[in-house]
1. Picking from R45, R29, R66, R59, which residue would you name as being of a type in the set (K, R), under 30 Å from A471 (Cβ atoms) and open to solvent by 50 Å² or more (accessible area, probe 1.4 Å)?
2. Would you mind finding the one in T468, T439, T435, T485 that is at negative phi and touching a Pro at 6+ places or on another chain (Cβ under 7 Å)?
3. What do you reckon, is A206 part of a helix (DSSP H, G or I) and of a type outside the set (D, E)?
4. Inside region 86-96, can you point out the residues that are touching a helix residue (DSSP H, G or I) at 6+ places or on another chain (Cβ under 9 Å) and in contact (Cβ under 8 Å) with a residue 40 or more places away in the chain?
5. Of the residues that sit in region 597-614 and are open to solvent by 40 Å² or more (accessible area, probe 1.4 Å) and either among the aromatic types (F, W, Y) or touching a residue at least 24 places away in the same chain (Cβ under 8 Å) (or both), which one is farthest from P37 (Cα to Cα)?
6. Can you tell which of T724, T755 is modelled with pLDDT of 95 or more, open to solvent by 20 Å² or more (accessible area, probe 1.4 Å), among the polar types (S, T, N, Q) and out of contact with any helix residue (DSSP H, G or I) (no Cβ under 7 Å at 6 or more places or on another chain)?
7. List the residue pairs whose Cβ atoms are under 7 Å apart, where the first residue sits in region 274-289 and is small (G, A, S), the second is open to solvent by less than 60 Å² (accessible area, probe 1.4 Å), and the two are 6 or more positions apart or on different chains.
8. Does T109 meet the test of being out of contact with any strand residue (DSSP E or B) (no Cβ under 9 Å at 6 or more places or on another chain) and touching a residue at least 24 places away in the same chain (Cβ under 8 Å)?
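The values are calculated or read from the model by the stated rules, or taken from the named source; none is laboratory data. Predicted model only: the values in this text are computed from it and were never measured. Here Cβ is always computed from backbone atoms with ideal geometry, including for glycine, and neighbour counts include all displayed protein chains. Ligands, DNA and RNA are excluded from the accessible area calculation, which covers all protein heavy atoms including side chains. Shrake-Rupley method; radii C 1.70, N 1.55, O 1.52, S 1.80 Å.
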Amino acid sequence: MKQWHHTTCNLCAQNCGLEVLVENNRIVRSKGDKTNPRSQGYVCRKGTSIASYQHHDDRLTHPLKRTPQGFEKISWEQAITEISEKLKAVTQTHGPKSYAFLGGGGQGTHFEAAFGTALMKAIGSRYHYTSLAQELTGYFWAAGRVIGRQNRFTIPDEHHAEMLLAIGWNGMVSHQMPQAPNVLREFASNPEKLLVVIDPRKSETAKVANIHLALRPGTDALLTRAMIATIIQNGWENKEYLQRHCNGFESIRPWFEDFDVKAALKICELDSNEVEHVCRELSQRKWCMHTDLGVLMNRHSTMSSYLHMILLAVCGRIAVPGGNVIPGSLIPLGVHTDERDAKTWKTVKTGFPSLFGSFPPSVLPEEILNDHPDRIRAVIVSGTNPLRSWPDTKAYEQAFSKLELLVTMEVAMTETAQASDYVLPIRSAYEAWDTTFFTWNFPEIYFSMRKPLIEPDGELLETGEIFTRIADEMGLIPQLPQYLTKAAKLDKTTFAMALTRFFIGNKKAASMAPMILTKTLGQEMKSSHLAALWGLLLVSPDSFREHASRAGFTMPSWKDSVVSFLKNASLIQSVLTVRHPAIIAGLSPKVSQSNALFQALLDHPEGLWIGKVDPDKNMEEVRHSDKRLQLYVPEVEDWVQRINPDEEQKELEQNADFPMVLMAGQHMPMNANTLMRNPEWNRGKRDCVLSMNPQDAEKLALTDGEKVRIVTAGGDAEIEVQVTDFLRKGQASMPHGFGLSYKNKTYGVNVNSLTTATHRDPFAGTPLHRYVPCRVEKLANASA
């Protein structure tokens, strides 16, 4: 029997809507879903290839334990018991800092993060390592300092802008905003709009742009300081905005007033007249900015993000329509962890702080491979593949081999799973209830709850269920009263009152809410994730409830709530067993609104707008007490001052051993992190190649398609070369997401075997993958 289903793609952060045809419990076709309110039918080839993610020969089906003879199948009971005993022994012997959780939900399965961090906190640890922390934490830090909270970052409001500034972002391929190619083409073709791209490469986005500033690789921060200086030296700054909304401008003005713009642009290898023209446009137009890994994983990563915030503020483009705005959300993505707060943990060996609640993957091998008594000894990995996705594969292999316990929860037998002591099979994005909490819309708030479409093959569990079982076996979940499990069998309003009653008497248990919901409401819903969603809606902040009301999910009056309550006999009976504060909670209009939202999400698997912020009051989202942007960060003044022509000229001098710069990790239509393991989805395509400029290829007597050796400080590899003017002279590029082992054969080259963990941003620890010194060698047996 064939049936079409509405769902969403989980292969990138945009989670575009899909229509999926399921036949005999298999996805046989997928296409863009025109009913999805955000993507409106748009989809790329990754979404149309979703069956390759779901169905392949390396899917896990049963819990596995490593033995001297290899992996053997074990029962869930044995797996949970042994893992819990070993994790408890390690943390009781060496303390909570000996445990780290590696995960964060990937691209579209975010509930595992809620459960994984709940277990982590119950153990007493705060060591949460995520892929997000190797990309965006420097940016989140900059937003935290300027706006007041790291999780109140900005996104571009492209729909109300007349100019889009794209920095290190190839949105025609990597997306990073809804329907990105459509948006970019409209900016470039509309005579009343302007698309400006800052990127060393002649990327697909640069090719359609109105203006392309092809700067020298690694000079993004220097260029940004020069652009701010150009605006200030010409008196083009938005004086009214700065006076009304900003603090600290007079403290940072000297950084730019006497800055040598022409000398800086000479090092950036850009025409000063063209840059000045762009700056003039920035001072006059309604514009927004989109940055991506080309700058976020490059030299001066954190300072580039800070300077970008200053550039936006100087032009009056933060928290205004058509600028970079603070989006609404059901819950904020990430948490605020200020490094100045004594309560914020730092890594014990390398001294890096938690930013946005996460630690940088680049430092984890060092945090394991040391003699400190608080070193990390036990790790649970959930839904991520550090041995391919995180920097310095060799360092990770060595570090993981020294752990006392390594557990991987995964869909497939990944490289990290193969190195683990225990491997636990999880349900895929299309076998479980799950969602994403990425916030890429303004002023609307979009949300979708992906429902199971496929019956799992084998003994697979939702990730939340697995974390709950481990926590329960370790004795971390408090004993639950009978009235709570009984109320879960009735209705959600009754359960809301019972849950409130329980938490009134057990305030410390609130941190274990996802697991308590799993053991009660989750048993009735047959899903830990679905129960967790209901719980999130129930405790959503008042600000979101206002946004939800604006989108049509209005709260009923107290009178209507009481009348509805009295009509339900089971509710009246339950009052007899519930204390007074819990009765009030059950009567609250908030419960009715939460239940309505929950049901609407179940009824609309294609997703829907669940809220809408007031675009004219975005400045009220600033989290400093005076509601003003803080532009001056004294701790980094020396760093900003070092980004000058003289210092950069010295720093950018190429080492004779490594005369080129490798872009280690290129977005392409043929890669999707390490989620797509079966190489058949790219059959007939040139997917894993080293791209080089024709002048560099000619100098080395290389021809297109020839095998070459690329060498970095981290290692070397042989790879096919692609000769293209996509790159500047002196620059090379390799995609990420390859070197995967499938059916005992490795396909492509793992780019992280060429990177080193210590080549990173000095503050946020972001790996500088877009600026890796390298050389390319012609193989002795290769023909010209």
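1. R66
2. Going through T468, T439, T435, T485 in turn, the sole match is T439.
3. Criteria met by A206.
4. L87, K88, V90, T91
5. My answer is D614.
6. Every option except T724 fails the conditions.
7. Taking only residues 6 or more apart or on different chains, the pairs are S283/I231; S283/W236; S283/C315.
8. No; evaluated as a whole, the condition is false for this residue.
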